[in-house]
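K.L.:
Take this structure first; my questions come after.
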2 protein chains.
Amino acid sequence: MAQVDARVGDLAGNAEQVLRWSRRAVEDGAHLVAFPELALTGYPVEDLALRESFAAASRAELDALPGRLVEAGCGDAVVVVGYLDRDSGVGAGVRNAAAVLHGGRVVARYFKHHLPNYGVFDEFRYFTPGSTLPIVRVHGVEVGVVICEDIWQDGGPVAALGEAGCDLVVCVNASPYERAKDDERGALVARRAAEAGAPMAYVALVGGQDELVFDGDSMVMSGAGELVARAPQFVEHLLVVDLDLPGDATYRDGDIAGFDVRRVPLLPDPVPSYESRPPAPAAEPLSDEAEVWGALVTGLRDYAHKNGFASVVLGLSGGIDSSVVAALAVDALGAAAVHGVSMPSAYSSDHSRSDAAELADRTGLHYTVQPIEAMVDAFVGQLGLTGLAEENVQARCRGVILMGLSNKDGHLVLANGNKSELAVGYSTIYGDAVGGFAPIKDVPKTLVWSLARWRNAEADKRGETPPIPVGSIEKPPSAELRPGQLDSDSLPDYELLDAVLNDYVEGDRGFADLVAAGYPAELIENIVRMVDRAEFKRRQYPPGTKITRKGFGRDRRLPITNAWREHTP
Amino acid sequence: MAQVDARVGDLAGNAEQVLRWSRRAVEDGAHLVAFPELALTGYPVEDLALRESFAAASRAELDALPGRLVEAGCGDAVVVVGYLDRDSGVGAGVRNAAAVLHGGRVVARYFKHHLPNYGVFDEFRYFTPGSTLPIVRVHGVEVGVVICEDIWQDGGPVAALGEAGCDLVVCVNASPYERAKDDERGALVARRAAEAGAPMAYVALVGGQDELVFDGDSMVMSGAGELVARAPQFVEHLLVVDLDLPGDATYRDGDIAGFDVRRVPLLPDPVPSYESRPPAPAAEPLSDEAEVWGALVTGLRDYAHKNGFASVVLGLSGGIDSSVVAALAVDALGAAAVHGVSMPSAYSSDHSRSDAAELADRTGLHYTVQPIEAMVDAFVGQLGLTGLAEENVQARCRGVILMGLSNKDGHLVLANGNKSELAVGYSTIYGDAVGGFAPIKDVPKTLVWSLARWRNAEADKRGETPPIPVGSIEKPPSAELRPGQLDSDSLPDYELLDAVLNDYVEGDRGFADLVAAGYPAELIENIVRMVDRAEFKRRQYPPGTKITRKGFGRDRRLPITNAWREHTP
């Protein structure tokens, strides 16, 4: 199981990767090597799926692969690889496909049957579902192949495989990270393996792609629902597993549960002798904070590197959000690649500068100070701005400075906003919202604090300097855009705010439900109004890593022009 | 046929509107009144469709309507109204529904069968397709109801209505405007009417909703494909048409073409006598420019008004883009609501100020001058910026000024970018890209010029002052961010650029196709690279009215992180 990071659109590079990892696996004695869903194109390719030239290139790379595998000495291995197909199958259409390669040929193709079209997924926009179900016979072992969503829906190809009889199910996946999704996945794979009456090898994509992070979490589950092997999350990993498979069931072909089941004999019985290896220990599950941190580091690192950025720049206010983003950036890219800028104004507290400087000391990132008073005065004086307009000018001058440094030195600008702020619109558009990437945009404020404490504790455990100043964690949050301003002047307590937001944004609960959950009606109306009215800001916010069930972005699609408000019935 | 503007989320207001227009129609002698698709909720409601409280509110408004119609004296009329249903039908699910109301009751419900899931549409995300097909018998006339996409796909309910036999098909629609789509629509309605062997009354939504404009274009087509009546585009309109319908065919019920066809007798035969009126003249089709102008005015006006803005502010550079946006804004909102700001820099030409001032004179909009030198110097001096970084600071200072004025006076900020610039990334993010709405973001540069000439010629025809200075139309385009800069320094001629963009962006053509279309390989690679690399800028660009087959936005969904490039094979 090759848990690899396939790069969207880099067909040649991804094909090279299939060759390289196949060779490693064969050298390690593998008879069968499986790659993730759409491993040849990357995932998700979005509207590239509709472009004929792209589909043709995917087909061409796939068609060349079997010959190249033979040349690479992998001709005897069975290789399962995800790719984008167009018009090669039964009937026309673009397909989310997996090919079985062996002996210099494409010996079978499977087309994804269940196409997810909810949450971040739009697969009905692109793909035609498949209805054939090839089973390949490898050394007397009957192997079925399915793709990702096929195991998340009841019925479908795994049930058909169970009915038809098979000895192993290979499921190739690209499953976006969400908090605690790994627990759900394990239980699901166990259930489907039981349904198939055979072990399931679940091989998954890893790496960041725009707002999505694929955490890997490849595993093998026995037909009895026991975990046989599990790969670590967030890293590329070759998981080689010996399975003693019976190959003695009663099998049948034909129309089974709506699938056209056909068997393809590939390699002669019986299984060749091999030296059995000790089972690899299953990777330890990560704590919630460790998992989220891993996702955020992966998302930021891959967005920067895959888009050609060697360095990042961000504003350092001494507050918790910028401190956590800085610590993430240092973990993702190394301190030498991180440029922090303190941009004090007349309203900045002493601790905002000293905490920012301390963060720089602790992490070793580049630190500079750029006061904003001269710029702010130029705008405020000429335009005669006061109040909110003046506050926003401060935030926007900081945005112009960061963009100027980005233009000058090629840094990626990071926006520091968290999910709670983004939800209620507590940010200045074109001000602190400026950035090419927003690492914690899907992290609720209360979790930002937990992550800071967890990261510092990890450093303590490893005998390293905790990156985040205690002052940044413990002081009351403030935007410091006017004297003595505190977040709590205009927002509810963050514990309460995050609870309501979780129910309203992620849970999509209406007014009556929120009242039933125990929140005061006035609080609900206030928060809901803020969330609804901030939609226009979110549309122009930078992309950032999804970690929750429902991130702002393609997970939650609401009109800007929207007269609907949850209210007292 | 009530061609109305239903407001997304305003269920109470939309229900009032149904009552008001039904009364008008009944007073005008109508036996049947039809409203557009989802007339009760507005369209598209996006993820509001998934919220239980919203679906319940839609059901409740719908259920209250028949009684309210009786009270309003419309109990004898048959009223067809689109609404969002949940769990009332055969099987569970959210439905894009049309209800037939009569005599104080909901007498039939139809659920949209074909769910569009391409282009701007995501209806598989929300809706469960229907499979029943009620036909109501009104004064001896058999009337079938279908919804929008149902007539855009071959097969489906209209074919079933033809087979079952009916005398009139009512098709309720929300069909987003695209250039020349009205021609396509007319031909389509004629074809389906022929398929049904009966006239089709096609009633359509009007008004702007975020990036979409619904142009109306309601019509009645005879079973022989002759246009009987047609409403004007872009305005609310009650189209009352007398149809002499036979009511004498041979009808059958049951399972027809996959639909469960059921007939509902409503009103007794025969048709009551009525005084026949002369047929209304069909609205004259608009010229291409008039139609696009109408769409842009509607999109801007409705975005501003529906989001509570009474005025707009925009930068006036004396160039063609800002002049056209200003003229649109004046047409949409009136000159008193439009605030133009000239923001000259050290590099601004004399004509940039004089043309802007002339535009203000011609249109009567509010005009002020805010030089940017002091602000630019503050940034450039402190940060030591040169070259592109310095150019961008100029654009960003203008953005900060416009946002400051917006914060101060409550204006909606308009961004002036056109589609060609947006395609190749020829704009400064957080600079000229600043705005709540971008009226011409889907208008190619060459069409911007045509619109300017057309609008001036229209003014001449009407004996009014042409709004746009000739100098703005005729001078070579320049961003004026450095001395003597011209667009043609870094971009191909706009005629050529727009031709390639049309083929690449709207046509989704690959490299070989583009070469076959006659463009030089180097030019293609250059343009394609610019388009692909600007994706991150487009993601943060303001919304603006779609007028082409494929606007940037939800029409064209591409990854930012994307290694795929069209290139020489």
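K.L.:
Computed FRET efficiency, Cβ-Cβ of B:Asp244 and A:Glu226, R0 60 Å: what is it to the nearest 0.05?
P.N.:
0.20
K.L.:
A follow-up question, please. Which FRET efficiency, nearest 0.05, do A:Ser354 and A:Leu496 yield, Cβ-Cβ r, R0 35 Å?
P.N.:
On the way: r = 30 Å, r/R0 = 0.87.
Efficiency, rounded to the nearest 0.05: 0.70.
K.L.:
What are the lysines whose alpha-carbon lies under 22 Å from the alpha-carbon of B:Lys445, with same-chain residues fewer than 8 places away excluded?
P.N.:
Once the sequence-local lysines are set aside, what remains near B:Lys445 is B:Lys181, B:Lys419, B:Lys475, B:Lys537, B:Lys546, B:Lys550.
K.L.:
Another question about this same structure. So how exposed is B:Lys419, as accessible area in Å² (1.4 Å probe, rounded to 10)?
P.N.:
Accessible surface of B:Lys419 is approximately 10 Å².
K.L.:
Can I ask one more? How many times 2.2 N^0.38 Å is the alpha carbon radius of gyration of the protein assembly as shown?
P.N.:
Relative to the rule-of-thumb radius for its length, the protein assembly as shown sits at 0.97.
K.L.:
Further question: With the cut-off at 1.5 for a/c, could you classify the range A:18-177 from its C-alpha gyration tensor as rounded, prolate or oblate? Don't jump to the answer; show the numbers that get you there.
P.N.:
Working: a/c = 1.72, a/b = 1.21, b/c = 1.42.
Verdict is oblate for the range A:18-177.
K.L.:
How long is the gain from A:Gln153 to A:His305 if the chain were fully straight, where each residue apart is worth 0.36 nm and the alpha carbon distance is subtracted?
P.N.:
Gain in length upon complete extension: 51.2 nm.
K.L.:
Also, I was wondering about something else. Kindly rank B:357-370, A:103-116 from highest to lowest mean number of other beta carbons found within 10 Å of each residue.
P.N.:
Packing order, densest peptide first, comes out as A:103-116, B:357-370.
K.L.:
Take every Cα pair under 8 Å in chain B that's 6+ residues apart, average their separations, divide by the length, and report that relative contact order as a whole percent.
P.N.:
11 percent
K.L.:
Then there is this: Just report the Cα centroid separation between the range B:246-302 and the range A:549-569, whole Å.
P.N.:
The two parts, judged by their Cα centres, are 33 Å apart.
K.L.:
For B:Ala512, which inter-copy label distances result when the label point lies 7 Å beyond Cα on the Cα-to-Cβ vector, reported in nm to one decimal and in ascending order?
P.N.:
For B:Ala512, the other copies' label points sit at 5.9 nm, shortest first.
K.L.:
Rounded to the nearest 0.05, what FRET efficiency is calculated for B:Leu486 and B:Leu388 with R0 set to 22 Å and r the Cβ-Cβ distance?
P.N.:
0.85
K.L.:
Other chains' Cβ within 10 Å of B:400-410 residues: what's the mean?
P.N.:
Mean shielding by partner chains, rounded to a whole number: 6.
K.L.:
In addition: At 7 Å along Cα-to-Cβ for each site, give me the label-to-label distance between B:Val264 and A:Val369 in nm.
P.N.:
7.5 nm
K.L.:
Would you give the gap between the C-alpha center of the range B:514-540 and the C-alpha center of the range A:371-390, rounded to a whole Å?
P.N.:
40 Å
K.L.:
Right, another one. List, by residue number, every residue in the range A:30-52 with a reduction of 40 Å² or greater in accessible area between the chain on its own and the complete protein assembly, 1.4 Å probe.
P.N.:
Hits at the 40 Å² cut-off: A:Glu46, A:Asp47, A:Leu48, A:Arg51.
K.L.:
Just to confirm the number: angle between the C-alpha axis of helix B:387-409 and the first principal axis of chain B, 0 to 90 degrees, nearest 10?
P.N.:
50 degrees
K.L.:
Report, for B:Gly119, each distance to the same residue's label point in the other copies, shortest first and in nm; define the point 7 Å along Cα→Cβ.
P.N.:
The projected label point of B:Gly119 is separated from its counterparts by 3.0 nm.
K.L.:
Using only the alpha-carbon atoms, how far is helix A:11-27 inclined from the longest principal axis of chain A? Give it as 0 to 90 degrees, nearest 10.
P.N.:
Around 60 degrees separate the two axes.
K.L.:
Each label point is 7 Å from the Cα along the Cα-to-Cβ direction; what then is the distance between the points at A:Asp253 and B:Asp288, in nm?
P.N.:
Inter-label distance under the simple model: 5.7 nm.
K.L.:
From the helices alone, meaning DSSP H stretches of at least four residues, give me the mean residue ellipticity at 222 nm for the protein assembly as shown, per-run term -39500 (n - 2.57), in deg cm²/dmol to the nearest 500.
P.N.:
Details: 36 runs with 421 residues, N = 1138.
That comes out to -11500 deg cm²/dmol.
K.L.:
Just going by the charge dipole of the range A:226-319, with Lys and Arg at +1 and Asp and Glu at -1 on Cβ, which of A:Gly254, A:Ser311, A:Val292 is farthest out on the positive end?
P.N.:
Result: A:Ser311, furthest along the dipole toward the positive end.
K.L.:
With each pseudo-label sitting 7 Å past Cα toward Cβ, what's the B:Thr132-A:Arg23 distance in nm, one decimal?
P.N.:
Placing both labels 7 Å along Cα→Cβ, they lie 6.4 nm apart.
K.L.:
What is the angle, in °, between the Cα long axis of helix A:181-196 and the longest principal axis of the Cα atoms in chain A? Nearest 10 is fine, range 0 to 90.
P.N.:
For helix A:181-196, the angle is close to 20 degrees.
K.L.:
Among A:Asn96, A:Gly75, A:Ala25, which residue has its Cα positioned farthest towards the positive end of the charge dipole of the range A:1-154, with +1 placed on the Cβ of Lys and Arg, -1 on the Cβ of Asp and Glu, and the dipole taken about the Cα centre?
P.N.:
Positive-most Cα among the choices belongs to A:Gly75.
K.L.:
Same structure, new question: Check cross-link reach from B:Lys408 to the aspartates and glutamates: straight Cα distance under 17 Å, and skip same-chain residues fewer than eight apart.
P.N.:
B:Lys408 reaches A:Asp377, A:Glu390, A:Glu391.
K.L.:
Rank these by accessible area, largest first, 1.4 Å probe: B:Glu123, A:Glu16, A:Glu284.
P.N.:
Highest to lowest solvent-accessible surface, that is A:Glu284, A:Glu16, B:Glu123.
K.L.:
Run the label-point distances for A:Pro270 please: 7 Å along Cα to Cβ, every other copy, nanometres, shortest first.
P.N.:
9.0
K.L.:
Let me ask something else about it. Just tell me which aspartates and glutamates come within less than 19 Å, Cα to Cα, of A:Lys461; anything on the same chain fewer than 8 places away is out.
P.N.:
A:Glu284, A:Asp288, A:Glu289, A:Glu291, A:Asp331
The values are calculated or read from the model by the stated rules, or taken from the named source; none is laboratory data. Just so we're clear, the structure is a prediction, and the values are computed from it rather than from any experiment. A quick note on method: Cβ atoms are made from the backbone with ideal geometry, for glycine too, and the neighbour counts reach across all protein chains shown. Quick note on the areas: whole protein, heavy atoms, side chains included, nothing else; ligands and nucleic acids left out. Shrake-Rupley method; radii C 1.70, N 1.55, O 1.52, S 1.80 Å.
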